[in-house]
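A short worksheet on the structure shown next.
The values are calculated or read from the model by the stated rules, or taken from the named source; none is laboratory data. Bear in mind the structure is a predicted one, so any value in this text is a computation, not a measurement. Cβ placement follows ideal geometry from the backbone for every residue including glycine, while neighbour counts extend to all protein chains displayed. Heads up: the accessible areas ignore ligands, DNA and RNA and are worked out on the full protein's heavy atoms, side chains in. Shrake-Rupley method; radii C 1.70, N 1.55, O 1.52, S 1.80 Å.
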Amino acid sequence: MRTSAIAVSGLRKAYGDKVVLDGIDFDVAAGSIFSLLGPNGAGKTTTVNVLTTLMKADAGTVSVAGHDVVTATKQVRAAIGVTGQFAAVDELLSGRENLQLMADLKRVRSGNQVVTRLLEQFDLVESADKMASTYSGGMRRKLDLAMTLVGNPQIIFLDEPTTGLDPRSRRTMWGIVRELVADGTTIFLTTQYLEEADQLADQIAVLNQGSLVAQGTPEELKRRIPGTHVRLRFTDLYELDTAARVLTGATRDDQELTLRVPSDGESRSLLALLSRLDDHMINAQEFSVHTPDLDDVFLALTGRANTEHTSKEAIAR
């Protein structure tokens, strides 16, 4: 079992009479990707600010990389890297100079070697000596993340890291994040692209009005929402009619020759369903399990659509 890179218990924060975080609890396993989702005003930014020592909580305990964020602030800051929604690069410096500046500020040994390695890792060698102002949005985000990695932080906080990027650049960033985790880095991700959380996160927590309303893997959260079903396709109308009489409660589509059977999506339920067909000598030409996506989960748990950036909108942009 992996140890906790981040442990949060009873975290509370209020601004006057407005409670922003109402006693939330969660753990982030070392070497994993943890995604915090929630609508605007849910408390995501406040949570990140507390975890990165930029803000003090009113109550509760927070441990990051084994250090208390209140009593061991210096140790926490030495163990983390933070990149925000907007790339924090100096546009008057080249990519190499931005990285070298960060290495100097962090007093990294063999800074030149570190800079060279990061330029290669992020495919920025050809543009290394060009001013950052000439970089595309995707290149700036890569440079920003590379700067965050100077000093080898154990835990990286990514606050909406792909906002504004085109689909190709977004997928490039996903690949880089996966490589970081493969090397043992822990990622704390906030995003408004639900597809991004679905693709990357090992664990997801949904924050709404200051409370965590759900936690689990993407698949676990999808299974909590009604709508999971097995789709069966048959070769002819006779087979469809026969199956429909056996599988009462299924929804049929005569044009597509399909039945939609409510299910929890688990293997035991699927086996029972196929066994019922076999008992009646009915053969489905094909079958597939369909589950709600994270858009459905978000809407069900927060009571609102993710109107800022739904996964479908993100793909279209």
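Across the stretch 177-317, the volume of the C-alpha convex hull divided among the residues equals 158 Å³ per residue. Taking a point 7 Å from the Cα of Asp123 along the Cα-to-Cβ direction, the residues of the stretch 170-207 with backbone N closer than 11 Å to it are 170-176.
Rounded to the nearest Hz, the phi-derived 3J(HN,Hα) couplings of the stretch 59-65 under the Karplus curve 6.51 cos²θ - 1.76 cosθ + 1.60 (θ = phi - 60°) are 7, x, 10, 9, 10, 10, 6, where x marks glycine and proline. Secondary structure note: in the chain, about 65% of the DSSP beta bridges are antiparallel.
Residues in the stretch 25-38 carry Karplus couplings, in order, of 9, 6, 10, 10, 5, 4, x, 10, 10, 10, 10, 9, 10, x Hz; the curve used is 6.51 cos²θ - 1.76 cosθ + 1.60 with θ = phi - 60°, and Gly or Pro positions show x. Quick check: at a probe of 1.4 Å, how many percent of the accessible area of the stretch 55-147 sits on carbon and sulfur atoms? About 51 percent, which is the carbon plus sulfur part of the accessible surface. Two numbers describe the Cα atoms of the stretch 72-209: Rg and Dmax, which are 14.8, 46 Å. Rounded if a/c is under 1.5, else prolate if a/b is larger than b/c, else oblate: which is the stretch 176-235, with a ≥ b ≥ c the root eigenvalues of its Cα gyration tensor? Note, shape of the stretch 176-235 comes out oblate.
In this structure, Ala88 and Arg171 have a Cβ-Cβ separation that, at R0 = 25 Å, corresponds to a calculated FRET efficiency of about 0.65.
For Asn40 and Asp22, compute 0.36 nm times the residue count separating them, minus their Cα-Cα distance, and round to one decimal in nm.
On the way: separation 18, 0.36 × 18 = 6.48 nm, distance 1.61 nm.
Taking Asn40 through Asp22 to full extension adds about 4.9 nm, to one decimal.
A simple spin-label model places the labels of Asp104 and Met281 8.4 nm from each other, with each point 7 Å out along Cα-to-Cβ.
With a cut-off of 8 Å between alpha carbons and a minimum separation of six or more residues, what is the relative contact order of the stretch 56-128 in percent?
Working: 32 pairs, mean separation 13.8, N = 73.
Here the relative contact order equals 19 percent.
Proximity of backbone amide H atoms, modeled 1.01 Å from N, is registered between Asp58 and Arg12, Lys13, Ala14 at under 5 Å, excluding neighbours fewer than 5 places apart on the same chain. For the stretch 251-267, the residues whose amide N sits under 16 Å from a probe point set 7 Å from the Cα of His290 along the beta carbon direction are 251-265. Summary value for the stretch 111-244: 15 percent relative contact order, contacts being C-alpha pairs under 8 angstrom separated by 6+ residues. Dimensions of the stretch 1-158 based on its C-alpha atoms, expressed as ranges along the principal axes with the largest first, amount to 50, 32, 27 Å. Measuring nothing but how far apart in sequence close Cα pairs (under 8 Å, 6+ apart) lie, relative to its length, the chain scores a relative contact order of 19 percent.
How many Å² of accessible area per residue for the stretch 1-107, probe 1.4 Å? Let's see the in-between values first.
Details: 5460 Å² over 107 residues.
Accessible area per residue: 51 Å².
With a threshold of 28 Å on the Cα-Cα distance, the over-threshold entries among Lys106/Lys130; Lys13/Lys74; Lys44/Lys74; Lys44/Lys142; Lys44/Lys130; Lys44/Lys222 are Lys44/Lys130. Counting only protein heavy atoms and a probe of 1.4 Å, the accessible surface of the stretch 161-225 is 39% carbon and sulfur.
What's the whole-number percent of alpha carbon pairs in the stretch 230-296 lying beyond 21 angstrom?
Working: 414 of 2211 pairs.
Cα-Cα pairs in the stretch 230-296 separated by more than 21 Å: 19 percent.
The distance between label points at Leu271 and Glu219 comes to 1.6 nm (points 7 Å beyond Cα on the Cα→Cβ vector). Relative to the compact-globule estimate of 2.2 N^0.38 Å, the Cα radius of gyration of the chain comes out at 1.21. Full extension of the chain segment joining Leu237 with Val70 gains 53.3 nm, where the gain is 0.36 nm per residue of separation less the Cα-Cα distance.
Taking every protein chain into account, the accessible area of the stretch 204-244 amounts to 43 square angstrom per residue (probe 1.4 Å).
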